Amino acid sequence: MNRRRFLATTGLAGASLLAGCGSVQTQSTRAPPLVEGRPDATYRPTHVEGMGMAGMAEAGDYMVGLTYSYPHRFWTVTGTDAAQVDIQDGDSLHLMATVWDPENEMVLPVSAGVAITVERDGETVDDKSPWPMISQNMGFHYGDNYQLDGDGRYTLRVRVNGMTERRLGAFSGRFGESAEASVNFDFAAAAVQDLSYEEFPETQGERAAVDLMEMSMLPTSQAPATDALPGTLLGTQTGSDGVYAASWLSASDADFLAEGESYLAISPRTPYNRVPLPMMSLDATVRQDGETAFDDALTAAVHPELGYHYGAVVPTDGSEPSVTVDVIAPPQVSRHEGYETAFLGTPSLSF
């Protein structure tokens, strides 16, 4: 296996959404103490926060939804290390962008990222490229804590960069260009404080996860169920708490393949909620009849039925493959509480 060094580069005003179960209360933005002895895995967090809708708009081929919550702590990831980002005194809200395909409502992790500029009366109030993030109740999104200049109307300008991921099937030829959108947002600090806030004193730290939010205006960021993946399922494996599904497609399964070609697709997702794990670096070796058919890096890709995955076209003789996958770098995405200790290892997996 040729192991490589991976360099990390990385809605409607007033509507609120509720997820999970527990005691609901209005709470300050300061989060409770972290769970002691957290497992190196997904765990039930101390609390979850509700979410409000700031607006949604089309941006080229993309649809973008902007939501907000309490300012909150999160963890950025560099390589295999996670670093906590604390709430600052001036933080007004945690602003989030979700990007998806409006035709099939699949959430799209765009490794090139997004940028959000907050303006008021034509002046820039805050300007950031929010972190790609995963959250147990909010799924995959781009988010950061922003500082606003008091209550009032703001314009949120979002730029979605063009996807560098391979686009397959009906996604071919789409999402390659950058695009921009803007929405007007009436911010009120009291509305943020009125969002739901749930604590889990009895179950925090358990090996489990809170449910994803059910949102009528935004799609849910979930990888396809394993029995819904096209092609032949080679199996599923777990490594560093991530769940990896391997699918093997022939030319009859995929219109982007020619005769004599197969496609290996590795679909990593979180346990419990099947949130995709993007922005990884994976190597794979494929052997058929004792011969090496492929030994190289897998490419991040999106496909309407495979979802976000890592794949490669493999010359094939039609025999059953033996596949080994090495995680070179774990997901370079920030995490909300409950995911910050998981998915940081570099396991090797066999199918």
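The values are calculated or read from the model by the stated rules, or taken from the named source; none is laboratory data. Values in this document were obtained by computation on a predicted structure and should not be read as measured data. Every residue, glycine as well, gets a Cβ built from its backbone with ideal geometry; the counts of neighbours run over all protein chains shown. The area values use the complete protein model at the heavy-atom level, side chains included, leaving out ligands, DNA and RNA. Shrake-Rupley method; radii C 1.70, N 1.55, O 1.52, S 1.80 Å.
For the stretch 287-313, what are the residues that are under 16 Å from Ala245 (Cβ atoms) and not hydroxyl-bearing (Ser, Thr, Tyr)? It would help to see each step written out before you state the result.
The initial filter retains those residues of the stretch 287-313 that are under 16 Å from Ala245 (Cβ atoms), namely 298, 300-303, 305-312.
If the condition is that a residue be under 16 Å from Ala245 (Cβ atoms) and not hydroxyl-bearing (Ser, Thr, Tyr), then Leu298, Ala300, Ala301, Val302, His303, Glu305, Leu306, Gly307, His309, Gly311, Ala312 are the ones that fit.
So Leu148 passes all but one of these: (1) buried (at least 17 other Cβ atoms within 10 Å of the Cβ); (2) part of a strand (DSSP E or B). Which condition number does it fail?
Unmet condition: (2).
Could you tell me how many of the residues in the stretch 282-318 are among the polar types (S, T, N, Q) and either in contact with a Cys (Cβ under 6 Å, 6 or more places away or on another chain) or within 20 Å of Gln222 (Cα to Cα) (or both)?
1
Going residue by residue through the stretch 111-126, is there one that turns out to be touching a strand residue (DSSP E or B) at 6+ places or on another chain (Cβ under 6 Å) and outside any strand (DSSP E or B)?
Checked against the condition, which is being touching a strand residue (DSSP E or B) at 6+ places or on another chain (Cβ under 6 Å) and outside any strand (DSSP E or B), the stretch 111-126 yields no hits at all.
Under 7 Å by Cβ, and 6 or more places apart or on different chains, what pairs join a residue from the stretch 154-167 that is more than 15 Å from His309 (Cβ to Cβ) and small (Gly, Ala, Ser) with one that is part of a loop (DSSP other than H, G, I, E, B) and open to solvent by 30 Å² or more (accessible area, probe 1.4 Å)?
Pairs found: Gly162/Ala112; Gly162/Gly176; Gly162/Glu177; Gly162/Ser178.
Check whether at least one residue in the stretch 251-258 is part of a strand (DSSP E or B) and either crowded, with 23+ Cβ neighbours inside 10 Å or of a type in the set (Phe, Trp, Tyr) (or both), and report yes or no.
no
Restricting attention to the stretch 190-238, which residues are within 30 Å of Tyr154 (Cβ to Cβ), of a type in the set (Gly, Ala, Ser) and either surrounded by 13 or more Cβ atoms within 10 Å (Cβ to Cβ) or touching a His at 6+ places or on another chain (Cβ under 6 Å) (or both)?
Passing the criteria: Ala191, Ser196, Ser221.
For the stretch 213-251, give me each residue that is of a type outside the set (Ser, Thr, Tyr) and in contact with a helix residue (DSSP H, G or I) (Cβ under 7 Å, 6 or more places away or on another chain). Walk me through it before giving the result.
First, pick out the residues of the stretch 213-251 that are of a type outside the set (Ser, Thr, Tyr): 213-215, 217-219, 222-225, 227-231, 233-235, 237, 239, 241-243, 245-246, 248-249, 251.
Hits for the stretch 213-251 are Leu233, Ala245.
Need the failing condition index for Gly11 against (1) modelled with pLDDT of 50 or more; (2) under 29 Å from Met163 (Cβ atoms); (3) not charged (D, E, K, R), just the number.
Every condition holds for Gly11 apart from (1).
Checking Ile134 against (1) closer than 18 Å to Gly55 by Cβ; (2) under 21 Å from the mean Cα position of the chain (by Cα); (3) β-branched (Val, Ile, Thr), which test does it fail?
(1)
Go over the candidates Thr285, Thr346 one by one and state the one that is among the hydroxyl-bearing types (Ser, Thr, Tyr), modelled with pLDDT of 95 or more and not in a strand (DSSP E or B).
None of the others qualify; the one that does is Thr346.
Taking only the stretch 117-139 into account, find how many residues are among the β-branched types (Val, Ile, Thr) and either open to solvent by 10 Å² or more (accessible area, probe 1.4 Å) or out of contact with any Ser or Thr (no Cβ under 8 Å at 6 or more places or on another chain) (or both). If you could, list the steps in order and put the result at the bottom.
In the first step, residues of the stretch 117-139 are kept if they are among the β-branched types (Val, Ile, Thr); the result is 117-118, 124-125, 134.
Of the ones still in play, those that are also either open to solvent by 10 Å² or more (accessible area, probe 1.4 Å) or out of contact with any Ser or Thr (no Cβ under 8 Å at 6 or more places or on another chain) (or both) are 117, 124-125.
Residues meeting the conditions: 3.
Among the residues of the stretch 205-245, what is the count of those that are within 17 Å of His303 (Cα to Cα), out of contact with any Lys or Arg (no Cβ under 6 Å at 6 or more places or on another chain) and polar (S, T, N, Q)?
So the answer is 4.
Out of Val286, Val313, which single residue is touching a strand residue (DSSP E or B) at 6+ places or on another chain (Cβ under 9 Å) and surrounded by fewer than 19 Cβ atoms within 10 Å (Cβ to Cβ)?
Val313
Taking the stretch 241-250, which residues are touching a strand residue (DSSP E or B) at 6+ places or on another chain (Cβ under 8 Å) and crowded, with 18+ Cβ neighbours inside 10 Å?
Selection gives Gly242, Val243, Tyr244, Ala245, Ala246, Ser247, Trp248, Leu249.
Tell me, which strands (runs of 3 or more DSSP E) wholly within the stretch 27-93 include 3 or more residues that are surrounded by 14 or more Cβ atoms within 10 Å (Cβ to Cβ) and in contact with a Gly (Cβ under 9 Å, 6 or more places away or on another chain)?
Per the criteria, 51-59, 62-69.
If you check Asp317 against the conditions, is it modelled with pLDDT of 95 or more and either more than 16 Å from the chain's Cα centre (by Cα) or of a type outside the set (A, V, I, L, M, F, W, C) (or both)?
No, not satisfied.
Here are Glu177, Glu198, Glu214, Glu202: which of them is assigned to a loop (DSSP other than H, G, I, E, B), charged (D, E, K, R) and more than 22 Å from the chain's Cα centre (by Cα)?
The conditions single out Glu202.
Evaluate the stretch 323-335: report whether one residue or more is within 30 Å of Gln136 (Cβ to Cβ), hydroxyl-bearing (Ser, Thr, Tyr) and open to solvent by 10 Å² or more (accessible area, probe 1.4 Å).
Within the stretch 323-335 (the criterion being within 30 Å of Gln136 (Cβ to Cβ), hydroxyl-bearing (Ser, Thr, Tyr) and open to solvent by 10 Å² or more (accessible area, probe 1.4 Å)), the answer is no, since none of the residues qualifies.
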